[in-house]
């Protein structure tokens, strides 16, 4: 398993754990108090994504190869697919939000930051899954 695959798995594990832990905490707090103030924990757990450069360092020796042309092409395709998918989902969700709320009503102020955070998570998830899928299509006999 190369560096990009490890990064993709790490992204998916951290984001999944964050969503599960935050959802459970918010559900428990809603049950106990009727409202929730735990949303900050969502962002606090996602800070783990910033530790990727320390956990998956590039090789420091000259003989250590970071990536080759195939790895660069896979990363380029994954990012391209993630951004294309993001824009389709973002535009569609904006229209759906307008359709459900209506043209005469206003959007709550919390909606826009949540859409930005959701978009960033969506791009990370789609890019990570697309990296794993592209590596899974070829290289079955890879030895690390």
Output for region 87-119, where each listed residue is part of a loop (DSSP other than H, G, I, E, B) and farther than 28 Å from residue 45 by Cα: 102, 103, 104, 105, 106
Selection within region 10-35 - loosely packed, with under 14 Cβ neighbours inside 10 Å and at pLDDT 85 or above: 13, 16, 17, 20
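The values are calculated or read from the model by the stated rules, or taken from the named source; none is laboratory data. Please read these numbers as outputs of a predicted model, since none were measured by experiment. When we count neighbours, we look across all protein chains shown, and the Cβ atoms used for this are built from the backbone with ideal geometry, even at glycine.
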